[in-house]
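J.: The structure's right below; bear with me while I get my questions together.
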Amino acid sequence: MRNLIAFFQRFRVFLVFLVLQLIALGSFFSWMSYPRTKFFNTSSAVIGNMHSWSHEVTKYLTLSEANEELQRELIELREELPESFLSIDAKTALINDTLYKQAYRYIPATVINSSHQHKNNYFTIDAGRLKGISAKMGVVSSNGVVGIVYDVSDHFSVVKSILTENINFSAYIEGSKAFGIVKYLENDPRRISLTGISNDIAIKRGSLVKTRGSSGYFPQGLIIGKVDMLEPLEGKPLWDIQIRLSQDMRKVHHVFVIENILGEELERLQGKIKELN
Amino acid sequence: MIGLPIHIIRFVLFILAQGLIFGKLDFGFGIHPMIYPLFILMLPFDLSAIVLMIIAFLMGISVDFFMNTFGLHASASVIIAYFRPEIFKLFSPRDGYESFRQPSAGDLGYSWFLSVAGLMVLIHHLWFFFLEYFKLSDWFYILQKTLLSGLLTLLIFILIQIIFFKKQKAL
């Protein structure tokens, strides 16, 4: 017993060091297992509020850019209004608004804190549970896909950016219809990788990459980016595809969170696949 | 000696500066300056290693809260707190540290400050980026980020020393 106490006294500095390291590293390496890391993020009210104060000060720097973006989107939407169409033949006019059922809802939000220089990046937005946001909702900007909601508090949410190694959602290449999984493998915030596409499929450089909508985060056909680089993967019959993101992740300000109204139905239906096997 | 309230104010200021300013600056090339190791460097000489590590842990966790890094900063900051006594011993002035007010460039001179701060920043950044990538095949990125960010961090350290910690004139 006395030896044991002597041992602890002798190595107590190192033991405290070990315990603190274990706490820190344990939390860091379990960041993927969602519930345990809930504690360590900016959606907690105090830090979220501080980030929104800091954003209040800095948002004026990007105001003109944000305005232009909104204006462009407004024009696009205005062009789709019935008033901007001219009926060629009065008899064939078709009112079809009851034929569609709304499947996705968009909730606007502002990015108040973000990073892009890490291997796994997250950003914080100023909308939370009270605005109807919950985990695993897709987040897009007016230029393209930016991430998936990771954790929410009442007024803030943390979003897993598209620049995260295991972002893993499926996307297809327009033209060839081939689909693969999106990952962030290179350390370049302008590009992400599209993995799992067999290299016997012909793919053109410059073709658009869009969301497939299979996991219900995003509607089908949202733009992610363009095929930028295309090389056969060494030792595997697969393409190594680099996508240039259409939304520059270094300049994200205004985003929309996508609520999939039919998401639960999709999940329930796809959950049955496992039962069949 | 410097009072406890001053250290508490410094603690808060360093966290806010790191979380709201330096963590958000964009320098390209993956450069990510981290200024809070300076706070750990400048804690009083007579703190025991255990107290030092606990303060460093609190500092790191607070920065983690701001940056969504889940314990990465806490680990890196505990590691430099663990090595601080050894590093101080390594660069000890001839008469020891007793006659000095605090570990700053103003008190101990820039050659002492640069060697101690340089070594601490190197350990801190190397550990931080190694954990972030956690793959030896990414050694090039780890080294690149450590060296570029480390140089910028040191430059910011020196500026902070010049602006805020001038040598006190003897009364």
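J.: Which far-off residues, 5 or more places away or on another chain, put their amide H under 5 Å from the one on A:Phe169, with H placed in the peptide plane?
T.: Under 5 Å from the amide H of A:Phe169 lie the amide H atoms of A:Val182, each far enough along the sequence or on another chain.
J.: Per residue of the range A:210-224, what does 6.51 cos²θ - 1.76 cosθ + 1.60 with θ = phi - 60° give for ³J(HN,Hα)? Whole Hz please, x for Gly and Pro, Karplus curve as stated.
T.: Residue by residue, the range A:210-224 yields 10, 6, 8, x, 7, 9, x, 6, 10, x, 6, x, 7, 6, 9 Hz.
J.: If you don't mind, another one. Can you list residues whose amide H is under 5 Å from A:Leu222's amide H, if they're 5+ apart or on another chain and H is modeled 1.01 Å from N?
T.: A:Thr211
J.: Placing unit charges on C-beta atoms (Lys and Arg positive, Asp and Glu negative, everything else neutral), compute the dipole magnitude of the protein assembly as shown about its Cα centre in debye, rounded to 20.
T.: Roughly 1200 debye for the protein assembly as shown.
J.: Which residues in the range A:204-239 have a backbone N closer than 18 Å to a point placed 7 Å from the Cα of A:Leu262 along the Cα-to-Cβ line?
T.: A:211-222
J.: Once amide H atoms are built 1.01 Å from N in the peptide plane, which residues 5 or more positions from A:Tyr150, or in another chain, come under 5 Å H to H?
T.: Residues meeting the criterion, in which the H sits 1.01 Å from N, are A:Lys136, A:Val158, A:Val159, A:Lys160.
J.: Calculate the spin-label point distance for A:Lys177 paired with B:Ile2, positioning each point 7 Å from the Cα along the beta-carbon direction, and give it in nanometres.
T.: 6.8 nm
J.: Convert each backbone phi in the range B:64-74 into a coupling constant with the Karplus relation 6.51 cos²θ - 1.76 cosθ + 1.60 (shift: θ = phi - 60°), then list the ³J(HN,Hα) values in order as whole Hz, x for Gly and Pro.
T.: 3J(HN,Hα) across the range B:64-74, in whole Hz: 4, 4, 6, 9, 6, 10, 6, x, 5, 5, 4.
J.: How big is the range A:157-240 along each principal axis, measuring the range of its Cα positions in Å and listing the largest first?
T.: 41, 27, 20
J.: What are the ³J(HN,Hα) couplings of the range A:259-265, residue after residue, when phi is run through the Karplus curve with 6.51, -1.76, 1.60 and θ = phi - 60°? Round to Hz, x for glycine and proline.
T.: Per-residue couplings from phi come out as 9, 8, 5, 9, x, 5, 4 Hz.
J.: Given bins 20 angstrom wide, list per bin the percent of all Cα-Cα distances in the protein assembly as shown, short to long.
T.: The distribution over the protein assembly as shown is 21, 48, 24, 6, 1, 0, given as percents.
J.: Here's another thing I want to ask about it. Extension gain A:Glu79-A:Gln102, at 0.36 nm per residue separation less the Cα-Cα distance, in nm?
T.: So the chain would gain 6.3 nm between A:Glu79 and A:Gln102.
J.: Helix B:4-16 versus the longest principal axis of chain B: what is the Cα-based angle in degrees, 0 to 90, to the nearest 10?
T.: For helix B:4-16, the angle is close to 20 degrees.
J.: According to a simple spin-label model (label point 7 Å from Cα along Cα-to-Cβ), what is the distance in nm between B:Leu147 and A:Leu25?
T.: 2.7 nm
We did not get these values from a lab; they are worked out from the coordinates using the rules stated. Model, not experiment: these values are computed from the prediction. Heads up, the Cβs are rebuilt from the backbone with ideal geometry, glycines too, and the neighbour counts pull from every protein chain shown.
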